[in-house]
Amino acid sequence: MTIRALQLLTVAGLLCSCWSREANAQLPQTRLYALFPPGAQAGTTVDVTLTSGDDLEEIDSLHFSHPGITAVQKMQGPEGAQQPVTNVFVVSVAADVPPGIYEAYCEGRFGASNPRRFVVGTREEVQEDDANNTPDVAKPMEIGKVLNGRANGGTDVDWFRFSGTAGQRIVFDCWSERIDSRMDPTLEVYDASGEHRLEDARNVRGRDPVLVFEVPADGDYLLRVLDETFAGSNDYFYRLTP
């Protein structure tokens, strides 16, 4: 074989390699960026929605790294003619699943996704409903319950109202970075009017804030949760444990 022929074969091989890499880069691949809520109480069942990702077409299953956490696709419609709800699953957590962080991944038309974190706890859980962007419409918060929330739009902030007694110490622990969220949250405590800030915290556990509030007097107070840069989308979620 001549040197010229060898050169042509080398060039052809390089071109084939480049074409192969380009073709593979263009193939769809299921990617999961967020699910909500990002956790649940052991012994309960909750609807979990795949809220953000790429190539999530025809997702038909959701799996977890613990066998005690199972999921079936949510169905809706009249009896005998029910249809699956796109990207919504009914997740059941067995009562004996230990508290901790587990992995969740989905599967569909374009294969299995990357894993995302899903937290199992022992406390009752509630979800923020988004209609709480100003102090006058702050939502009641019960101390001791886990609150799942999102900053799912630009400049979105969440206000919550809670009660305290003089001398009480309340620890607000906000999980975000620890559960794969893009949110960089800040916690702020205000008086009942929402005009005077009493305490604030950010970046205590990595990007996650922990705020210790020593209640100065009996009464109502407000908690404000926001992203440090006022960014927001379905990727900006959090779990707050007061």
Hz values of 3J(HN,Hα) by residue in region 108-117 - Karplus curve (6.51, -1.76, 1.60), Gly and Pro given as x = x, 4, 9, x, 8, 8, 5, x, 10, 7
Quote to one decimal, in nm, the extra length available between R109 and A192 on full extension: 0.36 nm per residue of separation minus the C-alpha distance between them.
-> 24.8 nm
Residue-count net charge about F110 - beta-carbon cut-off 15 Å; Lys, Arg +1, Asp, Glu -1 | -4
Using amide H atoms built 1.01 Å from N in the peptide plane, name the residues 5+ places from R205, or on other chains, whose amide H lies under 5 Å from its own.
-> V210
Quick one: pull the percent of accessible area on region 55-96 belonging to carbon and sulfur, 1.4 Å probe, ligands and nucleic acids left out.
-> 50
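Full-extension gain between R169 and T155, please, as 0.36 nm times their residue separation minus the C-alpha to C-alpha distance. If you can, show how the numbers build up before the last one.
Details: separation 14, 0.36 × 14 = 5.04 nm, distance 2.99 nm.
The span from R169 to T155 would gain 2.1 nm if fully extended.
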Between the Cα axis of helix 3-26 and the main Cα principal axis of the chain, the angle (0 to 90°, nearest 10) is 30
Hey, for a label at T86 modelled as a point 7 Å past Cα toward Cβ, could you say which residues of region 54-75 have their backbone N under 18 Å away?
-> 54-62, 73-75
Spin-label point model (7 Å from Cα, Cβ direction): what's the D218 to E199 distance in nm?
-> 2.0
For region 30-47, take each phi angle, set θ = phi - 60°, evaluate the Karplus expression 6.51 cos²θ - 1.76 cosθ + 1.60, and give the result in whole Hz per residue in order, putting x for glycine and proline.
-> 4, 10, 10, 9, 7, 9, 9, x, x, x, 7, 7, 4, x, 10, 10, 9, 7
Roughly how many Å² of T122 are accessible to a 1.4 Å probe, to the nearest 10?
-> 100
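Quick one: longest stretch of the chain between exposed loop GluC sites (Glu not before Pro), exposed meaning at most 14 other C-beta atoms within 10 Å and loop per DSSP?
Details: sites that count: E57, E58, E79, E124, E142, E195, E228.
Within the chain, the longest run free of exposed GluC sites (Glu not before Pro) spans 1-56.
State the volume of the convex hull built on the alpha-carbon positions of region 109-242, expressed per residue in Å³ and rounded to an integer.
Numbers: hull volume 16.0 nm³, N = 134.
Enclosed volume per residue, from the Cα hull, is 119 Å³.
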For T134, solvent-accessible area (1.4 Å; no DNA, RNA or ligand), Å² | 60
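The values are calculated or read from the model by the stated rules, or taken from the named source; none is laboratory data. What you are looking at is a predicted structure, and each value in this text was computed from that prediction instead of being measured. A quick note on method: Cβ atoms are made from the backbone with ideal geometry, for glycine too, and the neighbour counts reach across all protein chains shown. Accessible surface areas use protein heavy atoms only, side chains included; no ligands, DNA or RNA. Shrake-Rupley method; radii C 1.70, N 1.55, O 1.52, S 1.80 Å.
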